[in-house]
1. Is there a residue being touching an Asp or Glu at 6+ places or on another chain (Cβ under 7 Å), in the same structural domain as residue A:201 (by TED's automatic domain parsing) and among the polar types (S, T, N, Q) anywhere in the range A:216-233?
2. Output the residue which, of all residues in the range A:38-83 that are of a type in the set (Phe, Trp, Tyr) and under 23 Å from residue A:95 (Cα atoms), is farthest from DNA strand B (Cβ to nearest atom).
3. Find the residue count for the range A:255-270, including only residues that are within 15 Å of DNA strand C (Cβ to nearest atom), more than 24 Å from residue A:113 (Cβ to Cβ) and open to solvent by 60 Å² or more (accessible area, probe 1.4 Å).
4. Across the range A:13-51, what is the total count of residues that are open to solvent by 30 Å² or more (accessible area, probe 1.4 Å), within 16 Å of DNA strand C (Cβ to nearest atom) and of a type outside the set (A, V, I, L, M, F, W, C)?
5. Quick one: which helices (runs of 4 or more DSSP H) lie wholly within the range A:241-294 and hold at least 2 residues that are more than 21 Å from the chain's Cα centre (by Cα)?
6. Among the residues of the range A:212-226, are any more than 16 Å from DNA strand B (Cβ to nearest atom), open to solvent by 20 Å² or more (accessible area, probe 1.4 Å), of a type in the set (A, V, I, L, M, F, W, C) and outside any helix (DSSP H, G or I)?
7. Please go through the range A:99-114 and pick out each residue that is surrounded by 18 or more Cβ atoms within 10 Å (Cβ to Cβ) and in a strand (DSSP E or B).
8. Residues that are in contact (Cβ under 8 Å) with a residue 24 or more places away in the chain and assigned to a helix (DSSP H, G or I): does the range A:204-211 have at least one?
Amino acid sequence: MDYGKERVVALVDMDCFYVQVEQRLNPELKNKPCVVAQYKTWKGGGIIAVSYEARAHGVGRNMWVDDAKTLCPDLQVARVRESHGKADLTHYRDASVEVIHVMSRFAVIERASIDEAYMDLTSAVQQRLKTMAGGQIDPKLLKTTYIQGYPRSSTELETSEHRSRGLQEWLTSLPHNSSGDKISPDLQLTVGALIVEEMRAAVEKDTSFRCSAGISHNKVLAKLACGLNKPNRQTVLPLDSVPELFSSLPISKIRNLGGKLGASITEALGVENMGDLTQFSKAVLEQHFGDKTG
DNA sequence: AGGACCCATAAC
DNA sequence: GTTATGGGT
């Protein structure tokens with residue numbers, strides 16, 4: 001009876017947020033390999049955010065600036081403000097509030113961190129569906145949307161052409177929204193994606209900040225989906241595409257399973273990926289890992 | 001020489 | 001209830 005498909009949930013994640021905040025403040029940093037670092041004294045300071053241009057050179061978080069400069073000699077470095085000898089993130093918190101205010105025009109927001117927010121779009125989707133005649137959706141309204149698992153046939157590498165073909169195939173396979181019928185979960189996700197496209201456009205217009213998003217039926221899947229196409233893109237993860245995605249997905253990629261719990265699962269059950277893990281019953285998982293965790 | 005901070009859950 | 005621990009940004 002469609003258990004697990006009742007809600008439409010999105011996770012929005014700002015792309016290299018601290019970098020974007022510094023780039024808005026100093027436009028010369030835009031479109032350049034750029035990092036935000038704190039504490040200058042030790043090896044040039046620790047990197048806490050990395051632009052995608054810098055990532056292409058192999059620069060990552062938790063690197064020292066001195067090490068990153070050998071990978072990327074023309075790296076631009078913005079510094080976190082310091083007050084009383086400590087890193088002061090007030091600046092980024094204020095920017096976060098700006099973003100939350102824009103997003104709150106579209107749905108109730110659950111702030112998950114300084115640069116991430118979850119939202120339950122279920123009721124917003126229902127409302128939108130009422131105002132939509134026929135239920136046909138123009139792919140031009142989903143310019144930055146990927147449908148995970150589509151197109152179903154091709155295995156070619158990821159291209160923008162590949163994206164739009166997958167979207168086309170998805171949209172044409174959607175059932176029509178005739179009144180009286182139960183609305184399909186897939187259509188609900190698609191309308192959710194429509195709303196998130198609008199929300200992300202508003203965030204960029206009003207704050208200049210870009211972000212990525214995942215749209216699915218729960219928080220874990222939305223978070224997973226968000227990471228599939230970054231930056232500045234959004235991904236719909238339909239439940240039917242989950243088994244294939246899970247079949248080769250390391251357990252550590254799932255939120256909250258990146259640490260000791262994930263390692264204990266691998267050890268206790270002898271499984272490496274999520275596809276294998278889903279073969280175990282809830283009773284078995286509870287027996288191993290306790291009531292709540294199981 | 002990762003630290004500061006936030007959140008959820010477990011343990012007491 | 002408070003504290004401790006783990007996971008994450």
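The values are calculated or read from the model by the stated rules, or taken from the named source; none is laboratory data. Worth saying up front: this structure is predicted, and the values here are computed from it rather than measured. Note that each Cβ is placed from the backbone with ideal geometry, even for glycine, and that neighbours are counted across all protein chains shown. Side chains included, ligands, DNA and RNA excluded: accessible areas come from the protein's heavy atoms. Shrake-Rupley method; radii C 1.70, N 1.55, O 1.52, S 1.80 Å.
1. Yes, the range A:216-233 contains at least one residue that is touching an Asp or Glu at 6+ places or on another chain (Cβ under 7 Å), in the same structural domain as residue A:201 (by TED's automatic domain parsing) and among the polar types (S, T, N, Q).
2. A:52
3. 1
4. 3
5. A:260-269, A:274-277, A:282-289
6. no
7. If the condition is that a residue be surrounded by 18 or more Cβ atoms within 10 Å (Cβ to Cβ) and in a strand (DSSP E or B), then A:109 is the only one that fits.
8. yes
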